[in-house]
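Since the structure comes first, as structure tokens, the remarks are kept for the end.
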Amino acid sequence: MERLDIIALLQGIESERTIALNDFTSPASFDSMVPQVLLYQCGYLTLKEGYMLPDGAEPFVKMRLPNFEIKQSAAREAMSRRFKPEAAGDLSLRGIKQLVTEHDIVRLQELLARVFASIDYEHTPVINEAGVSLVLQIFFLFCGCDIVCNAHQSGGRADAVISCGDTTLVLEYKYSRTGTDEDIARLLSAAKDQILSRDYGNTLRRRRYLWRAALVFAAPHTVRMENADLTES
């Protein structure tokens, strides 16, 4: 696991998932074995596609994490690598599912502010929306909530769709480079407008409650959230 980029696997980055077919068919000692092959044999990776044969190139296969349990395990590994040592205990499962199912935007904002403050910035600086997405993906998976980032639907791509208890939580997030109150307010308004105008979450299979919220992150560790809407099916 230490020889792999766990973050790349969680995000589905091609470089960590594409393996030469020859690595599967040629004998190798434990020390020289490609990590993905060993993890495939242990059930931590599975085949995503059959092998391809590009013109003049070696055939290859694509891998993926097979199920939610393995994704959660990878998120735990990512937490230990990317967050401060005390973070995993302080930001454990306590209350996250209750916050989501109770639709408590104030407490959720406070919790996520603690999450961002617990990042080891030497390894995971949050300098754009992609950084925000990565932190949220690791944290919600770590807490046992299924999360899909950049969820495709008819109106566009929702930044994050989180399934937790009886609630589907849709987040649209922005990154404020200035951190001023005016810029944060502007970005919150833009995020809410985007959620509603594109009807994020309503065209996907959802749980009883659809809770949609906007989130803005501004370094260092400033998190602001506002409700877009809450509906019951």
Selected from Ser133, Ser189, Ser176 as most flexible by GNM, with the chain as the system and alpha-carbon contacts under 10 Å: Ser189
Amide H within-cut-off set for Phe83, under 5 Å, with H built and near neighbours excluded: Asp120
Mean separation of Cα contacts under 8 Å (6+ apart) over length of the chain, as relative contact order %: 14
Karplus-derived HN-Hα couplings along the stretch 19-33 (A = 6.51, B = -1.76, C = 1.60, θ = phi - 60°), whole Hz, x at Gly and Pro: 10, 5, 4, 4, 5, 7, 9, 9, x, 8, 6, 4, 5, 9, 5
Carbon + sulfur, % of accessible area of the chain - ligands and nucleic acids excluded, 1.4 Å: 49
Interchain or long-range residues, amide H under 5 Å from Lys174's placed H: Leu215, Val216, Phe217
Whole-number accessible area per residue in Å² for the chain, which is evaluated in the context of all protein chains at 1.4 Å: 50
DSSP loop GluC sites (Glu not before Pro) with at most 10 other Cβ within 10 Å excluded, longest remaining stretch of the chain: 123-233
Partnerless cysteines, meaning none of the other Cys C-beta atoms lie under 4.7 Å away, in the chain: Cys42, Cys143, Cys149
Those aspartates and glutamates that a straight Cα-Cα span of less than 16 Å connects to Lys97, excepting residues fewer than 8 apart in one chain: Glu110, Asp146, Asp166
9 Å beta-carbon shell around Ser233, net charge (K/R +1, D/E -1): +2
Kirkwood Rh (inverse of mean 1/r, distinct Cα pairs), the chain, angstrom: 19.1
Residue-averaged 222 nm ellipticity for the chain, from DSSP H runs of 4+ at -39500 (n - 2.57), nearest 500: -11000 deg cm²/dmol
The stretch 114-233 - share of DSSP beta bridges that are antiparallel (%, nearest 5): 70
Amide H partners (placed H, <5 Å) of Gln153, local residues excluded: Ala158
Heavy atoms of Arg82 accessible to a 1.4 Å probe, total area in Å² rounded to 10: 60
Burial ranking of peptide ranges 135-142, 155-162, 193-200 (average Cβ count within 10 Å, highest at the top): 135-142, 155-162, 193-200
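The values are calculated or read from the model by the stated rules, or taken from the named source; none is laboratory data. Fair warning: this is a prediction, and the values are worked out from it, not measured in the lab. A quick note on method: Cβ atoms are made from the backbone with ideal geometry, for glycine too, and the neighbour counts reach across all protein chains shown. Ligands, DNA and RNA are stripped out before the accessible areas are found, and what is left, the full protein with its side chains, is counted by its heavy atoms. Shrake-Rupley method; radii C 1.70, N 1.55, O 1.52, S 1.80 Å.
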